[in-house]
Amino acid sequence: MADGNITPRGDFETFGISLLKEQFKGLERVEGFTEAFLAWAAEAEAGAVGILEDRWIDTGDGVQLDHIGEIIGEPRTGVAVSSDDEYRARLRVRVLVNDSDGRLEQLIAIVDRWFGGAVQVIADEYYPASIYIAGVSDATNSPFSIAERLRQAKPAGVRLFYVYTPNGADNTFTPTDNIGNGLASQGWGWSGNPAVGG
């Protein structure tokens, strides 16, 4: 099993017979008993694999994900997620938060995972006990939610400064532009008449 992938063995009867000592191989009754004894194993293995896969974040869905969330401290109730995939992403962030011992690279990984890798993270540590993290992203995830998770992941006694800067034209203020933002959209921009001050 690597990274949540299980490769079922499958043919237990043949495998069991291959493990017999040479003196018992070819004996009809011994091989028959071995096959009968191991006949249930493939069915039991399939059931066990199904149980395990339903309890993994990557393969579980619906109620199984809800149970995982309750166990790790990220319940779905009160969380605005529209699909299991969004909830899986939040669960993966919660796993990082729970596993964090507050090192800077772990906090950066939490921010990166929260925004799905679509974020530029600037981070620094300041003496004696402060951490500064800034994120610039086009994503619409709540900066308040990630700030709370960073607070939970940071070490006790360390001050956290989290600065979130939304990216994109809708979040950019300019004195005047062509998309309706800035002073011009509110009647405060350039009037075209220098006699009245601009």
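Numbers below:
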quantity: Close pairs (6 angstrom Cβ cut-off, 6 or more residues apart or separate chains): among the charged types (D, E, K, R) in the range 27-49, surrounded by 12 or more Cβ atoms within 10 Å (Cβ to Cβ) anywhere; calculated: 31/17; 35/13
quantity: Residues of the range 74-108 classified as open to solvent by less than 30 Å² (accessible area, probe 1.4 Å) and among the acidic types (Asp, Glu), total; calculated: 1
quantity: Near pairs, Cβ below 7 angstrom, 6+ apart or cross-chain, from the range 143-160 (of a type in the set (Gly, Ala, Ser)) to any residue that is in a helix (DSSP H, G or I); calculated: 153/97; 153/106; 153/107; 153/110
quantity: For residue 1: the one exception among (1) among the aliphatic types (A, V, I, L, M); (2) loosely packed, with under 11 Cβ neighbours inside 10 Å; (3) at pLDDT 85 or above; calculated: (3)
quantity: Tabulated pairs, the range 70-81, first modelled with pLDDT of 75 or more, second open to solvent by 40 Å² or more (accessible area, probe 1.4 Å), C-beta under 8 angstrom, 6+ apart or interchain; calculated: 72/95; 72/98; 73/98; 74/90; 75/66; 76/66
quantity: When residues of the range 14-41 are limited to those that are in a helix (DSSP H, G or I) and open to solvent by less than 40 Å² (accessible area, probe 1.4 Å), the one farthest from residue 85 (Cα to Cα); calculated: 32
quantity: Out of 6, 68, sole residue that is aliphatic (A, V, I, L, M), within 30 Å of residue 148 (Cβ to Cβ) and within 35 Å of the chain's Cα centre (by Cα); calculated: 68
quantity: Meets criteria (surrounded by 12 or more Cβ atoms within 10 Å (Cβ to Cβ), in contact (Cβ under 8 Å) with a residue 40 or more places away in the chain and not in a loop (DSSP other than H, G, I, E, B)) for residue 52; calculated: yes
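The values are calculated or read from the model by the stated rules, or taken from the named source; none is laboratory data. Small disclaimer: the values here were computed from a predicted structure and weren't measured. Please note: Cβ atoms are built from the backbone with ideal geometry, for glycine as well, and neighbour counts cover all protein chains shown. Just the protein is used for accessible areas: all its heavy atoms, side chains included, with ligands, DNA and RNA removed. Shrake-Rupley method; radii C 1.70, N 1.55, O 1.52, S 1.80 Å.
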